[in-house]
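*Asks:* Okay, here's the structure, questions in a sec.
The values are calculated or read from the model by the stated rules, or taken from the named source; none is laboratory data. Worth saying up front: this structure is predicted, and the values here are computed from it rather than measured. Here the Cβ positions follow ideal geometry from the backbone for every residue, glycine too, while neighbour counts run over all protein chains shown. The protein model used for the area step is the full one, side chains on, heavy atoms only, and it has no ligands, DNA or RNA in it. Shrake-Rupley method; radii C 1.70, N 1.55, O 1.52, S 1.80 Å.
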Amino acid sequence: MKLAILSATIGAACAFAPSAISSERSALFMSDAAVEQTIEEPVVPAVAPINGWVPDESLPMYGLPGAVAPLGFFDPLGFTKNMELLGVKRFREAEIMHGRVAMMATLGYLIGESTPTITYGMNVHHTIANNQIPEVPGTVLFPFFLAINIAEALRANIGWVEPGLGPLFTLRESYYPGDIKFDPLGLKPTDAKEFANMQTKELSNGRLAMLAAAGMCVQEQINGKGILENLGF
């Protein structure tokens, strides 16, 4: 009888005593949980980098290059203030395209007025550039404008969302303003900083060219003289 009571007492005590195996399992589980907490998941940007650029809402123009000294970011009328990303990209696309056209126009003013051209039978034709387009025959103008239309269609296909598949006048999310993949000489840098520096240079030259082309046009309208002639050459 005493033996039975002693066995029951020991059994009851063992039932409430912590098991060594369960303690080890609990300790192991807690250590695994601690390890899981210390392992942080990598932070993935909401937008994939394009040419090394990741849009940053806290920066002017979402961090796009183009702010140069001494003015830095120059937007006195606040066109881009509180503007969404797609609108900013569309503004930058327009600036780059107009800058490129202006750079070609600036050269066109000087070359068209001062050097032999195919249009005039390789003879120097002393007509101001503002009046030369009406003199160009249709056989030359047609392929010229056709080439412009083809180039614009290709640019739209690369950078713009097709009508009906999204809002009108919207650039693709994966499109970097101005990057139409046309680089026959392989001048595009692969490094993000070098690319941003090159685009800043292009924007600076394009902005200057827009002012220059507008000034040339106004000057010829005022006095009717060619650009170099007006400068005394």
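*Asks:* If residue 225 passes every condition in (1) assigned to a helix (DSSP H, G or I); (2) more than 30 Å from residue 86 (Cβ to Cβ) but one, which one does it miss?
*Replies:* (1)
*Asks:* Go through the residues of the stretch 126-133 one by one and say whether even a single one is touching a His at 6+ places or on another chain (Cβ under 9 Å), under 30 Å from residue 225 (Cβ atoms), open to solvent by less than 40 Å² (accessible area, probe 1.4 Å) and in contact (Cβ under 8 Å) with a residue 24 or more places away in the chain.
*Replies:* Start the filter on the stretch 126-133 by keeping residues that are touching a His at 6+ places or on another chain (Cβ under 9 Å), which leaves 132.
Still in the list and also under 30 Å from residue 225 (Cβ atoms): 132.
When the remaining residues are screened for being open to solvent by less than 40 Å² (accessible area, probe 1.4 Å), the result is 132.
Keeping just the survivors that are in contact (Cβ under 8 Å) with a residue 24 or more places away in the chain gives none.
No, every residue in the stretch 126-133 fails to be touching a His at 6+ places or on another chain (Cβ under 9 Å), under 30 Å from residue 225 (Cβ atoms), open to solvent by less than 40 Å² (accessible area, probe 1.4 Å) and in contact (Cβ under 8 Å) with a residue 24 or more places away in the chain.
*Asks:* Among residues belonging to the stretch 59-78 that are surrounded by fewer than 16 Cβ atoms within 10 Å (Cβ to Cβ), at pLDDT 90 or above and of a type in the set (A, V, I, L, M, F, W, C), point out the one that is farthest from residue 193 (Cα to Cα).
*Replies:* By that ranking, first place goes to 77.
*Asks:* Same structure, new question: For residues that are open to solvent by less than 60 Å² (accessible area, probe 1.4 Å) and farther than 10 Å from residue 106 by Cβ, scanning just the stretch 215-227, find the one that is nearest to the chain's Cα centre (by Cα).
*Replies:* At the first step, the residues of the stretch 215-227 found to be open to solvent by less than 60 Å² (accessible area, probe 1.4 Å) are 215-217, 219-220, 224, 226-227.
Add one more test, that the residue is farther than 10 Å from residue 106 by Cβ, and what stays is 217, 219-220, 224, 226.
On the way: 217: 30, 219: 34, 220: 35, 224: 40, 226: 37 Å.
So the residue we want is 217.
*Asks:* Just a yes or no: is a residue in the stretch 187-206 loosely packed, with under 10 Cβ neighbours inside 10 Å and over 16 Å from the mean Cα position of the chain (by Cα)?
*Replies:* Looking for residues that are loosely packed, with under 10 Cβ neighbours inside 10 Å and over 16 Å from the mean Cα position of the chain (by Cα), one finds at least one in the stretch 187-206, hence yes.
*Asks:* So, in the stretch 170-186, exactly how many residues are in a loop (DSSP other than H, G, I, E, B) and surrounded by 12 or more Cβ atoms within 10 Å (Cβ to Cβ)? Give the derivation first.
*Replies:* Going through the stretch 170-186, the residues in a loop (DSSP other than H, G, I, E, B) turn out to be 170, 172-186.
This time we only want the ones that are surrounded by 12 or more Cβ atoms within 10 Å (Cβ to Cβ), so: 170, 172-173, 175-180.
The number of residues fulfilling the criteria is 9.
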